[in-house]
Each structure stands twice: as C-alpha cells, then as structure tokens.
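*Asks:* Structure in structure tokens, see below.
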Amino acid sequence: MPRDFAFPGTSDQYAPSRVCEVEHYRLELDLDLADKSIKGSCMLRLAAIARARTSIELDAVDLDVLRITCDGMDLAFQNDGRRLRIDFDEPLELGECKEVVIDYQATPTRGLYFTGPDEGYPDKPTQVWSQGQDIDSRHWFPCFDSPHQKSTSEVIVHVPETWFALSNGVLIRDQIKGGRRTLHWSLDVPHSCYLITLAAGEFAEIRDHWNEVEVNYYSHPDRIEDCRRTLHRTPEMIELFSKLFGVRYPYNKYAQVFIADFTFGGMENTTATSLADSLMVDERAAIDFNMESLVAHELAHQWFGDLLTCRDWGEGWLHEGFATYSEYLWREHAEGVDAAGVELAAFGGAYLAEDGTRYRRSIVTKRYQQPLDIFDRHLYDKAGRVVHMLRRVLGDEDFFASLAFYLEKHRHGIVETRDLARAIEACCGRNLDWFFDQWVLQGSGHPKLKIDMRWDHEHSVFCLEVAQTHSIDAHTPLFRLPTELLLVIGGKTVCHPVEVSQASQLFTFACKREPEQAIFDPGKHLLCEMVTSKTPAMWRAELRAAEAASDRIDAARHCATLAGKAMFDALVEVLNSDDFWALRQACAESLGTMRQSAARDVLMDALFQQSDARVRKGAAKGLASFVGDQLAAEALREKLRSGDESYFVEAECCASLGAIRARDSLALLQEAATRPSFTEVIQQKAYQAIGELRDLDNCEYLLAAMAYGQPSFARRAAMRALVSLCVEHEGGEVRTVRETLIEALHDRDFRVRLQAVASLEALGQKQACSSLQAIADDDADGRMRRRAKEALRSLQDGQSANAQIAELRDATESLRKQVFEVRSKLDVMETGLAGGLRAAGAAKQPSEAAAMHGPAPTPQRRKGGKKTIPF
C-alpha cells in the first residue's frame with residue numbers, strides 16, 4: 001500500500017496576498033568572485049492594489065539591506081533575514097505607482113551560485129549562475145517570490161572583461177571599461193520572478209535562428225562542438241511547437257546555456273534556458289543517444305510555465321505535465337509514433353515506480369511543506385500521461401484547438417486547472433470535469449485491470465471481460481476509462497469503442513470467426529497496470545503483426561512467459577528481422593527471461609552481430625538472466641574486452657556481469673571503470689556490478705570511488721554499489737560504509753548528498769536516524785529535507801525496502817539458477833533420447849525441446865579492437 005505523500009502536521013499552502021502589483025524589476029549586480037558575494041541594487045516599480053496601505057513586505061533571505069529610497073528619499077525598513085518590510089511616509093492610494101530602490105549586499109547560499117576549481121576538481125570552470133525555482137530568487141534579490149506575480153525585468157551585471165553574462169530578453173548594452181564588462185538585458189514581457197536568470201562565465205557562442213528569432217547556444221569553449229551537437233535541432237522544435245500549440249513562439253529570442261554543477265537537468269528561464277553541462281552529448285554518445293527530450297521539454301515551458309504560469313505551485317502540472325508531454329510530441333514528429341510510444345511507456349514506468357515504492361498523491365495538491373516537495377514523478381511523468389489521455393479523449397483536432405484557445409486566452413496570465421477545463425468546454429463544447437476530478441484534482445493512483453478475452457465459438461461472439469482490481473478508497477476511485485478493443489479478423493481490422501466504468505464489466509461483440517488479434521487499449525494509451533489473458537496464438541500474431549509497436553513490445557514480453565518452441569521462434573524471428581530497434585531490443589530482453597540455453601545462444605550472437613547498438617544493449621541485458629552461466633559470462637567479458645562503438649553496450653555488459661555473479665570478472669570490471677564515457681555510464685555500471693558481486697573485500701575499492709574529486713555520476717554509483725554489497729551484512733565494513741555515507745550528507749556536491757540519504761535508507765541502518773533527522777530539520781535545500789524525512793519514515797517503519805528486495809532477488813536468482821540447470825540437463829537428455837529414437841527408426845522428427853535448445857556452443861572470440869571515436 002503506497003504511503004501518504006504529506007507528513008503528519010503538514011498544512012495547505014495557498015498563494016500569498018498582495019498589497020501591490022510589482023510591475024517591473026531592475027537589477028544591477030556587481031559580482032565578487034573571490035568572496036562569492038554580490039553588491040546589488042534592485043528597483044521595483046509598484047502599483048497599489050489595496051487601499052491606504054502604509055507598508056509592503058517582500059521576500060529577502062539573508063540579504064544585507066543597506067538603504068531603501070523612493071523618489072530620492074530614504075524609507076524606513078525592517079529586515080529580519082527572511083522578510084523585508086518597507087514603510088512609506090504616506091499611505092499608498094489605490095492604483096498609485098512608486099519606484100522603490102533597494103541597495104543591498106549578500107553572500108548567497110541559494111538562488112545564486114558561484115562555482116569554480118578546487119582541490120578535488122581543478123579543471124572546473126569558474127561561473128556564476130542562478131536558479132530561482134521554486135522560491136529561491138529571494139536569496140539573491142528582494143522580490144515578491146510567488147509565481148502568480150508577473151513583471152517585466154531588466155538585469156545589469158558587471159563581470160570580468162573576458163566573461164559573458166546571459167539573462168532574459170534582449171541585450172541592449174554591452175561595453176567594456178576599466179577591465180570590467182557590463183551587460184544590460186531587458187525583457188518587456190511579464191514573467192514570474194523565479195524565471196529571472198543570470199549565467200556568467202567564459203562562454204563560447206553559437207548563433208542560430210528560427211525565422212527572425214535569434215536562437216543562440218552557449219557553453220565552455222572546450223565543449224562547443226558537443227554543445228552544437230546537443231542543441232542543433234532547436235529551431236525545428238520551435239517550428240513544431242508553434243504549429244502544434246497554435247501560438248507562435250512568444251518571444252524575440254531563445255538562448256540555451258550549459259553551466260557547471262547545475263542542480264537540475266534544465267531550467268526554463270524565460271528566453272534563456274539553463275542546462276547541466278554534464279548532459280552535453282559527445283560524438284560517441286550520439287551514436288545511440290540524444291538529449292532531445294530535455295531540449296524539447298525546456299523549450300515547451302516557454303509556452304507552458306513562462307507565457308502561462310500556475311497560480312500556485314500546487315497547480316504545477318500545468319507546467320510540467322505539458323512540458324513532459326511535449327517530449328512525446330517531439331519524438332512523434334522526429335522519429336514516428338512508435339518511438340514516441342517508447343517515450344510514453346517510460347513516463348508510465350517512472351511514475352509507477354514512485355507510486356509503488358514511495359508515496360501516492362493527487363497531481364494537484366496544496367498539502368506540502370515546500371513547493372519543491374511536489375516536483376516529482378507525479379507532477380512530471382504521470383501528468384504527461386494524463387495530457388496524453390486528454391488528447392485521446394478529445395481527439396487531435398479538438399485537443400490542439402483547445403490548447404491554442406487556452407494559450408491565447410490566458411497569454412501572460414495566471415492559470416489553474418479549471419481554466420484549462422473551461423477553455424476546452426468553450427472551444428469544443430466538451431465538459432470534462434469528470435476527467436480532471438479523476439486524474440488531476442481529487443483522484444490519486446491509477447487503475448489495475450484484469451483483462452480476459454476469448455472467442456465464444458458456440459454463440460459467435462467475442463467476449464471482453466474487464467475488472468478493476470485495485471483497492472478503491474476515498475483517494476483512489478473506480479475509474480472511467482474510454483478506450484477501444486481492436487480485433488483483426490481474416491486480415492481485416494476493426495476497432496470497437498469501449499468505456500470501462502464499473503468494477504467488473506463484460507462486453508460482447510458479434511464475431512463469426514476467431515480473431516487473429518485482440519488488443520484492449522491498442523497503442524497502450526491508458527495509464528494503468530494490466531494483466532491480460534488471451535490465447536498464445538493471439539500473442540504470437542500480435543508480436544509479428546500488430547500495428548502499434550507498443551502492442552508488439554507487450555506481446556514480446558508475454559510470449560516469453562508462455563515459453564514453447566513457437567514462442568521462441570517468433571521472438572528470434574522478430575529480433576532478427578524487424579525494422580524498429582525498440583521492438584528488437586524488447587525481444588532480446590524477453591528471450592533472456594525465458595532462461596533457456598537456446599535463448600542464451602541467440603543473445604550471445606546478437607551481442608556481437610546486431611547492427612543497432614540499442615539492440616546489442618538489449619542482448620547484453622537479456623544475458624543478465626543467466627545467473628551462474630559461464631558461457632553467458634564469457635560472452636559478456638569478450639564483448640567488454642573487445643569493446644563496442646557504444647558506451648551503453650559496454651556499460652550494460654558490466655551490469656550483466658554483476659547480475660550473473662561473474663566473480664572472476666572483477667579485474668575486467670575495475671579496468672572498465674577507468675574508461676571515460678558520457679555521464680560516466682560505463683564507470684557507473686562497473687561499480688554497480690562490483691556491488692552485485694557481494695564481496696566485502698571490494699568495500700575499500702568502492703569507498704575510494706566515492707571520494708570527493710571523483711566524477712559526480714560515478715561517486716553516486718559507488719554509493720549505490722556499496723549498499724548492494726553491504727545490505728545483507730553486518731560488521732566493521734558495514735559500519736565504515738555507514739559512517740562514510742553519513743559524512744557524505746554534508747558533501748559539497750548536492751547530488752551526492754541526496755544519494756547519501758537514499759543510500760542510508762536502503763542500507764536499513766537505524767543508527768543513521770539522528771544524522772538524517774538533522775538534515776530533515778535544518779538543511780537549506782527543501783529536496784534534502786523532504787528526502788531525509790522519507791528515509792526516516794522508512795527506517796522507523798522497519799526493514800528497508802532494499803533489504804526486502806535483496807532477499808527476494810537472491811531467492812529468485814537461486815530458483816533461476818536451479819531452473820536453468822534443470823533445463824540444461826533436460827536439453828541433454830532430450831537430445832540423447834531423440835538421437836536414440838532416430839537411430840532405432842522410431843522417430844521421424846527431433847523433439848521440440850531438442851530443436852529449440854540444442855547443444856550449447858562455445859562462444860567464438862571476435863577479432864578487432866575497441867573502436868576509437870574522437871571527442
């Protein structure tokens with residue numbers, strides 16, 4: 001049963017009241033790189049919206065306010081370190097405008113960050129960058145820090161003469177004087193103050209354009225080609241979204257800048273997106289990977305989040321759900337609907353994992369402690385799936401027409417879910433209150449469906465029985481699910497509309513002959529967990545010929561559970577012949593779950609022979625099922641020794657060697673961990689594998705791997721590996737790991753600190769509770785506080801989820817090994833029996849099992865070394 005999202009005592013959060021409208025911000029900042037401090041002046045143009053008020057309050061955290069003036073006269077103020085109260089000599093009249101200038105200085109710990117080289121990372125670039133979302137702009141300039149206040153803005157910044165500084169809007173002044181460079185940016189379109197940005201450092205620039213709109217990219221000069229490779233399709237994305245959303249890109253510039261140590265993947269500051277420089281795609285990574293989903297996501301926010309902004313953070317799905325779904329829209333355009341279906345399935349998997357292991361909540365909620373608490377898989381991935389279902393309910397014409405109407409009606413404004421619902425109703429006459437109540441506002445969770453499909457020969461009808469098997473309570477409802485049933489009969493396809501709305505329903509359809517295919521929810525559009533029963537022949541036919549790749553992928557997984565030669569042959573056939581990489585990858589992974597020697601042999605061959613790296617990766621992953629199998633281990637080692645053009649294939653070989661407990665692979669895994677790769681993916685998987693070997697002698701090696709100065713992605717992987725290694729043990733090594741993880745709670749790398757919390761929880765060590773409590777009480781970052789509270793709840797509830805999973809995993813792997821050994825013996829027996837029968841003339845055909853499995857070949861060494869690709 002999923003836990004509640006809100007902790008006891010959590011109160012509802014509402015948008016704050018406003019005495020004045022902030023019409024304009026004008027920031028002027030001088031950066032002191034040595035002291036990591038700023039001297040600033042912030043002018044706010046205020047318009048009174050309440051009568052006879054003699055003071056206003058602004059958000060200003062740890063700002064040393066020096067002076068406040070209005071019309072050249074000093075104003076009295078009170079500054080408690082969190083709120084700044086400004087007193088006026090005379091009451092402000094309704095509609096009266098005032099320009100207030102606040103001079104201040106600060107050494108920000110949030111909101112504005114100074115990064116640069118240190119003893120651990122001597123090559124890190126010196127940069128200064130901001131991150132205002134959710135409520136962190138208050139840490140670097142005084143403001144009304146709530147999304148429902150929108151203002152125009154200017155940013156003037158003084159930096160070293162070799163630097164460049166990026167902010168919102170257009171650059172209206174750029175001059176160098178006395179060894180300092182001054183850049184003046186101006187945005188004349190209102191936006192929320194969390195979107196005001198600054199990114200300063202030594203950047204190289206790439207100039208691009210979409211029609212007359214400037215489209216520019218910035219990165220450290222050493223990575224400029226990786227920057228170009230990662231972002232070059234941005235103008236095409238702007239064109240697509242302008243067309244689909246029905247509203248032209250709403251600004252006269254769009255820039256993207258890669259920055260060091262960024263604590264998010266990306267941030268959609270108005271006209272000037274920030275991106276983590278660790279996500280720039282190098283030439284080798286681009287063979288089978290791109291970051292286009294992230295680029296599309298942040299770009300879509302220029303409409304959903306910047307042009308239209310939620311009234312309060314509880315409605316944040318109106319930003320993140322639509323931006324997430326825009327990843328699907330881009331993939332649908334760039335690679336086709338089948339590739340977009342893979343994206344959609346990933347959204348669902350991410351949400352289901354959070355719902356199943358952490359908590360459950362409604363997408364819209366006001367019950368949270370900090371706004372960042374709700375920036376989770378519900379807000380992004382589940383909401384993205386909900387937007388997709390909304391599109392399915394409305395149909396493309398009404399869906400996109402409604403988006404255009406909604407965006408235009410609320411341009412530059414503030415929105416809530418009801419504004420979207422009313423826009424749909426006004427545009428196409430559809431009242432979808434039931435949909436938003438069920439999926440967004442009131443309901444939480446998702447349906448679990450049991451599907452039974454069968455043909456009734458006697459009555460010439462096809463029967464579809466659907467049961468909603470999830471627990472129905474005040475939060476998780478009985479769902480209303482409009483969808484379809486697809487039948488293929490005699491080669492002809494017919495789709496029947498179906499609406500599930502009861503706990504159990506039986507649908508019947510006239511059908512004179514048995515269908516070859518029967519697919520409930522063709523295309524897998526519903527967000528649900530589904531258990532489906534149909535004939536093996538249908539699964540096999542759908543694997544080979546279903547129209548939607550998502551249905552063929554689903555069929556591949558089911559075919560593997562049914563076993564038998566016909567299913568094996570169908571999977572091998574599709575693996576070797578289909579055009580779509582994701583289906584072939586799914587076939588490879590599904591063959592692994594069959595755990596038969598013939599399947600292993602096919603996967604060993606595919607690991608070397610498949611032309612698409614993503615399919616080779618699937619083959620490596622499939623081999624992870626063969627625990628204790630020396631042939632599988634040697635094939636993986638051979639591939640890892642000889643190398644692959646793809647980082648990700650080598651990485652998956654590492655992971656599978658760990659999964660099958662190939663303990664004699666330690667030296668090779670340690671060597672692989674030294675190979676440079678995109679996001680250290682090979683290093684990450686090598687550490688994961690070493691942890692899976694469960695040898696406490698490797699503790700020292702992994703502890704060294706998580707030391708400050710090692711790559712961030714790799715450090716976090718080493719921490720996870722230590723948990724895998726130690727979760728079932730006690731003793732001195734485990735105590736050392738726990739103490740090291742507790743020290744990492746205060747690391748200078750935020751992501752390492754966050755991983756330390758997760759690792760302590762997974763380790764199940766209650767001795768860490770006091771340290772976690774200190775983080776939960778006092779940490780400056782809301783994400784750390786939230787995650788520490790979750791870890792404390794888990795530890796106080798008892799055995800950690802990871803410990804339980806580890807026990808189940810080991811029991812499962814033991815059974816897998818036994819099953820594989822039994823099947824291998826049966827292979828030999830059946831082969832010998834078949835040979836004996838043939839010799840006696842008693843059998844005309846070899847047994848199905850012998851034909852399927854056959855003798856296990858010895859893997860052949862492939863020639864050739866690792867392909868070297870320049871960076």
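*Asks:* Using the Cα centre of the stretch 113-261 as origin and beta-carbon charges of +1 (Lys, Arg) and -1 (Asp, Glu), tell me which of S153, T182, T234 is placed farthest towards the positive end of the dipole.
*Replies:* S153
*Asks:* Compactness ratio of the stretch 739-799: Cα Rg over 2.2 N^0.38 Å, N = residue count?
*Replies:* Here the answer is 0.96, to two decimals.
*Asks:* Between R454 and R51, with labels modelled 7 Å along Cα→Cβ, what's the label distance in nm to one decimal, could you check?
*Replies:* 7.5 nm
*Asks:* Same structure again: Go through the stretch 155-165 residue by residue and turn each phi into a ³J(HN,Hα) via Karplus (6.51, -1.76, 1.60, θ = phi - 60°); whole Hz please, and just put x for glycine and proline.
*Replies:* Those phi angles translate into 10, 10, 9, 10, 9, x, 5, 8, 8, 10, 10 Hz.
*Asks:* Could you pull out every one of the aspartates and glutamates with an alpha carbon less than 13 Å from that of K150, ignoring same-chain neighbours closer than 8 positions?
*Replies:* E21, E23, D188, D306, D312
*Asks:* Can you list residues from other chains, or at least 5 along the same chain, whose modelled amide H is less than 5 Å from the amide H of R367?
*Replies:* Distant-sequence amide H within range of R367: Q13.
*Asks:* Quick one: which residues, 5+ away or cross-chain, put their amide H under 5 Å from the amide H of V215? H built at 1.01 Å from N.
*Replies:* Amide H neighbours of V215: D208, H209, W210, Y254.
*Asks:* To continue, here is another question. What per residue convex hull volume, in Å³, comes out for the chain when only alpha-carbon positions are used?
*Replies:* With only Cα atoms used, the chain gives 179 Å³ per residue.
*Asks:* In debye, nearest 20, what is the charge dipole magnitude of the stretch 490-547 about its Cα centre with +1 on Lys and Arg Cβ and -1 on Asp and Glu Cβ, if you could check?
*Replies:* The dipole magnitude comes to about 260 debye.
*Asks:* Now for a separate question. How large is ³J(HN,Hα) for each residue in the stretch 63-80, as worked out from phi by the Karplus curve 6.51 cos²θ - 1.76 cosθ + 1.60 (θ = phi - 60°), to whole Hz, x for Gly and Pro?
*Replies:* With the stated coefficients, the stretch 63-80 comes to 9, 8, 7, 9, 6, 10, 10, 9, 6, x, 10, 5, 10, 6, 8, 10, 10, 9 Hz.
*Asks:* Same structure again: Which order do the peptides 494-502, 189-197, 156-164, 658-666 come out in when sorted by mean C-beta neighbours inside 10 angstrom, highest first?
*Replies:* 189-197, 658-666, 156-164, 494-502
*Asks:* For a quick check of understanding: with a 1.4 angstrom probe and all protein chains in place, what accessible area in square angstrom does H459 have, to the nearest ten?
*Replies:* Solvent-accessible area, nearest 10 Å²: 120 Å².
*Asks:* Tell me the label-point distance for the pair A474, R173, using the 7 Å Cα-to-Cβ offset, in nm and rounded to one decimal.
*Replies:* About 5.9 nm separates the two model spin labels.
*Asks:* Go ahead and run the numbers for FRET between A334 and R751, Cβ-Cβ distance against an R0 of 41 Å, rounding to 0.05.
*Replies:* 0.90
*Asks:* Starting from the amide H of R181, placed 1.01 Å from N in the peptide plane, find each other amide H under 5 Å away whose residue is 5 or more places distant or on another chain.
*Replies:* Amide H neighbours of R181: V159, E161.
*Asks:* If I take the Cα coordinates of the stretch 113-222 and project them onto the principal axes, what are the three extents in Å, biggest first?
*Replies:* 42, 37, 30
*Asks:* Let me ask something else about it. Near K409, which aspartates and glutamates are there with a Cα under 14 Å away, not counting those fewer than 8 places off in the same chain?
*Replies:* D419, E425
*Asks:* Between W434 and Y701, what length comes free when the chain is fully extended (0.36 nm per residue of separation minus the Cα-Cα distance, one decimal in nm)? Walk me through the intermediate numbers first.
*Replies:* Working: separation 267, 0.36 × 267 = 96.12 nm, distance 5.57 nm.
This chain segment gains 90.5 nm when fully extended.
*Asks:* Separation between the A76 and D797 pseudo-spin-labels, each 7 Å from Cα along Cα→Cβ, expressed in nm?
*Replies:* 5.3 nm
*Asks:* When every alpha-carbon pair in the stretch 685-774 is counted, what percent end up more than 17 Å apart?
*Replies:* For the stretch 685-774, the share of Cα pairs beyond 17 Å comes to 39 percent.
*Asks:* Give me the number: length gained by fully extending T493 to L562, i.e. 0.36 nm times residue separation minus the C-alpha to C-alpha distance, one decimal in nm.
*Replies:* Full-extension gain reported as 22.3 nm.
*Asks:* In debye, nearest 20, what is the charge dipole magnitude of the chain about its Cα centre with +1 on Lys and Arg Cβ and -1 on Asp and Glu Cβ, if you could check?
*Replies:* Dipole size: approximately 2160 debye.
*Asks:* What percentages make up the Cα-Cα pair-distance distribution of the stretch 517-584 when the bins are 10 Å wide from 0?
*Replies:* 21, 57, 21, 1
The values are calculated or read from the model by the stated rules, or taken from the named source; none is laboratory data. Predicted model, so just to flag it, every value in this text is computed and none were measured. So basically every Cβ, Gly included, is an ideal-geometry build from the backbone, and we count neighbours across all protein chains shown. When the accessible area is computed, the model is the full protein with side chains, heavy atoms only, and any ligands, DNA or RNA have been set aside. Shrake-Rupley method; radii C 1.70, N 1.55, O 1.52, S 1.80 Å.
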